[in-house]
Every structure is written in structure tokens, then in C-alpha cells.
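**Q** Sending over a structure as C-alpha cells; questions will come in a sec.
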Amino acid sequence: MLKIKQTLIAVAIGFGTLSASVSADLPDPGVTFTKGQTAIVITDPQNDFLSPKGVTWGLVGKSVTKNNTVENIETLFKIADSKDIPVFVSPHYYFPHDHQWEHGGALEVAMHKMGMFDRKDALSTEGFEGSGADWLARYKPYINNGKTIISSPHKVYGPETNDMILQLRKRGIDKIILAGMSANLCTESHMREFMEQGFEVQVVSDATAAAQLPGMDGYKAAMVNFRMIANAVRTTEETVKQLNKEL
């Protein structure tokens, strides 16, 4: 029995060492930004995620505050404006007919129950101003500037349910700087689909955040997947320096 325990311990230690080695040796391909081919994509820059009055603040607020997410997203809007980098926003809206779905995943059900991103009608903005579905007020000058491209709303997490990829393709974009909410849900789902569609993706690690639940940290989960899948993961400061150098 002692020999078995010693063997198991040795295997565990060896596996841990191997895992650390693989992580340390994981390639970091990076993205080289090119004028006219580069865009910033922001997922869900909306009150329900980013405002203390939003319905999810009790879940995401700690992560948003720790990462300085609100300010870092604004920094990306600012550098886009100064460098004339196109910005694409992928919003999340639920209309009354969406509440008639007969099934949904765990967080889908939770979101519907709390009225997250609710709008009264697809063709009306009645009650939209200042609602949980509205943009965070400090972002409005950048989003409502007549230049920012706003896709149709995604309905679960990824861009498979909206026209974001069409909008990017139609403008010749193949390099994406990705940020927004929420890290392990919509942001990660966009990253995955963009990679599958052949885009180069750099995720901005502190311009996103995620829910924290007992025994679950959405942000940590997303960071692992971003690092393993995306072309690059950089901070806001690193991304801005890179853009100032390359564009």
C-alpha cells in the first residue's frame, strides 16, 4: 500500500511538473496590426453588466472593479477614435418573443428571470434610455458617434446568432482586438467563433470581467481559454502601446 501511495504521489508530482512546463512553453503567436484590416470589437458594453445599478452587478461587480474594466474599455474607445480604428459593438437584447423560448441553459434561464437586457420591442426604443440594455453612459459619445458599427443582437453568447462576422467581412477586417463582457460567456464565445472563422484575435485581458460564484470564477476560467486559443492576450496598456507603434 505504501508503494502504491508513493507511486501515485510521484506521478502527481511528475504530471504537475509537465503541466507547468507545457504552460511555460505554450507559444505566444501575437498579432501584428495593419491599418484597414484591424478593428476593435466590444461585447455587451451595457448597464446590466457594467453599472452598479445593473442586474448582474452583485455577481460581476467585484471582477469589474478589480480589473478596472469600465475605464479600460473606455481607453480602447479613445485609442480607436484617435487612430481611426473601426469599432464594432455586439449587443445583447431580449425582446418579449425571446421570453417564449421553451428551453435554455443555466445562465440563459437566470438572465431571462432577472430581466437582463430586456427591451419592449425590436422596432421601438421606448424605455430603452437608461435601462439595463442601454449603453453605459460614459461610452455613448463613442458608440453613438455615427461611425461605430452596431451589429444585430446576439441571443445566447456568440456571434453565430447575429451579423457581426458579416459586418467585419464586408469591411475587410481580419484582425480583431476583443474586449467587453462577460469574459467566460459572450467575450469567450466571440473569441472562439472568430478563431474558427479565420480571424486573428487579441483579447484585452483587463478590459473584460466575469461573474464570481461559490466555487466558480468565470474570469479565471476565461483567461485559461483565451491563452490557449487566441493569437494573443494582452493588457489594455500593452495593447495601446502596440497600436501607437504599429498604426
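Where a number appears in this text, it was derived from the coordinates with a stated rule and is not lab data. All values derive from a computational prediction rather than experimental measurement. Cβ atoms come from the backbone with ideal geometry, glycine included; neighbour counts cover every protein chain shown.
**Q** If we keep just the residues of the range 149-193 that are in contact with a Ser or Thr (Cβ under 6 Å, 6 or more places away or on another chain) and polar (S, T, N, Q), which is farthest from residue 49 (Cα to Cα)?
**A** Checked the range 149-193; the qualifying residue farthest from residue 49 (Cα to Cα) is 167.
**Q** Can you name the residue in the range 158-175 that is of a type outside the set (S, T, N, Q) and more than 20 Å from residue 31 (Cβ to Cβ) and is also surrounded by the fewest Cβ atoms within 10 Å (Cβ to Cβ) among such residues?
**A** 170
**Q** Sticking with this structure for a sec: How do the helices (runs of 4 or more DSSP H) wholly within the range 17-123 filter down when requiring 1 or more residues that are out of contact with any strand residue (DSSP E or B) (no Cβ under 9 Å at 6 or more places or on another chain) and free of Cβ contacts under 8 Å to residues at least 12 places away in the same chain: which remain?
**A** Qualifying helices (runs of 4 or more DSSP H): 57-67, 69-83, 106-113.
**Q** Kindly establish whether residue 126 is over 18 Å from residue 201 (Cβ atoms) and either touching a helix residue (DSSP H, G or I) at 6+ places or on another chain (Cβ under 8 Å) or assigned to a loop (DSSP other than H, G, I, E, B) (or both).
**A** For residue 126, the condition - over 18 Å from residue 201 (Cβ atoms) and either touching a helix residue (DSSP H, G or I) at 6+ places or on another chain (Cβ under 8 Å) or assigned to a loop (DSSP other than H, G, I, E, B) (or both) - is met.
**Q** Of all residues in the range 23-63 being surrounded by fewer than 20 Cβ atoms within 10 Å (Cβ to Cβ) and among the β-branched types (Val, Ile, Thr), which is nearest to residue 184 (Cα to Cα)?
**A** So, considering only residues that are surrounded by fewer than 20 Cβ atoms within 10 Å (Cβ to Cβ) and among the β-branched types (Val, Ile, Thr), the one nearest to residue 184 (Cα to Cα) is 55.
**Q** Can you find a residue in the range 139-150 that is surrounded by 16 or more Cβ atoms within 10 Å (Cβ to Cβ) and either without any contact (Cβ under 8 Å) to a residue 60 or more places away in the chain or acidic (Asp, Glu) (or both)?
**A** no
**Q** Are any residues in the range 109-164 of a type in the set (Phe, Trp, Tyr) and under 19 Å from residue 73 (Cβ atoms), and if so, which ones?
**A** Scanning the range 109-164 gives 117, 135, 139, 142, 157.
**Q** Do we find a residue being without any contact (Cβ under 8 Å) to a residue 60 or more places away in the chain, in a helix (DSSP H, G or I) and under 15 Å from residue 165 (Cβ atoms) anywhere in the range 197-211?
**A** The answer is no, given that none of the residues of the range 197-211 is without any contact (Cβ under 8 Å) to a residue 60 or more places away in the chain, in a helix (DSSP H, G or I) and under 15 Å from residue 165 (Cβ atoms).
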